[in-house]
């Protein structure tokens with residue numbers, strides 16, 4: 001199963017920063033077990049949402065700065081902290097800033113915000129991996145058109 005943890009990209013400045021939102025719905029499968037009668041969004045999925053936005057931003061930066069296409073693979077989380085719980089009905093806002101970008105990888109600082117309060121923060125390090133898959137590229141392009149509307 002593929003989890004898309006971004007509903008809409010709200011800010012997009014290639015090579016610099018991005019913002020996105022995720023509307024958290026009770027109908028999402030992970031709430032069945034996390035936790036029964038007290039649904040809380042797993043922290044790992046909050047991190048995944050920040051990683052998805054970070055990866056998209058770094059991949060776009062690689063293409064713009066170096067003319068290369070590659071997949072950003074998360075390799076390290078730095079100083080990750082969880083401060084608040086996220087529940088069904090909440091809207092998460094992700095904010096990501098590029099800290100470094102090279103031909104081999106990149107680094108971002110990311111935060112998740114809910115109701116004006118910081119839910120999670122982390123530093124993320126990515127490596128770039130060449131992926132020769134035209135179908136993956138077409139799917140990614142189609143999703144970006146939806147997310148950036």
Candidate set from segment 80-103 (those that are in contact with a strand residue (DSSP E or B) (Cβ under 6 Å, 6 or more places away or on another chain), free of Cβ contacts under 8 Å to residues at least 60 places away in the same chain and assigned to a loop (DSSP other than H, G, I, E, B)); member that is surrounded by the fewest Cβ atoms within 10 Å (Cβ to Cβ): 83
Test: residue in segment 62-75 that is touching a strand residue (DSSP E or B) at 6+ places or on another chain (Cβ under 8 Å), surrounded by 15 or more Cβ atoms within 10 Å (Cβ to Cβ) and closer than 24 Å to residue 115 by Cα: no
Close pairs from segment 40-68: first in contact (Cβ under 8 Å) with a residue 24 or more places away in the chain, partner assigned to a helix (DSSP H, G or I), Cβ under 6 Å, at least 6 apart: 68/62
In segment 106-124, the residues that are crowded, with 17+ Cβ neighbours inside 10 Å, touching a residue at least 40 places away in the same chain (Cβ under 8 Å) and within 14 Å of residue 58 (Cα to Cα): 106, 108, 110, 124
Residue list for segment 120-132, restricted to those being at pLDDT 90 or above, farther than 14 Å from residue 96 by Cα and touching a helix residue (DSSP H, G or I) at 6+ places or on another chain (Cβ under 9 Å): 128
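The values are calculated or read from the model by the stated rules, or taken from the named source; none is laboratory data. No experiment lies behind these values; they were computed from the predicted model shown. Reconstructed Cβ throughout: ideal geometry from the backbone, glycine too, with neighbour counts over all protein chains shown.
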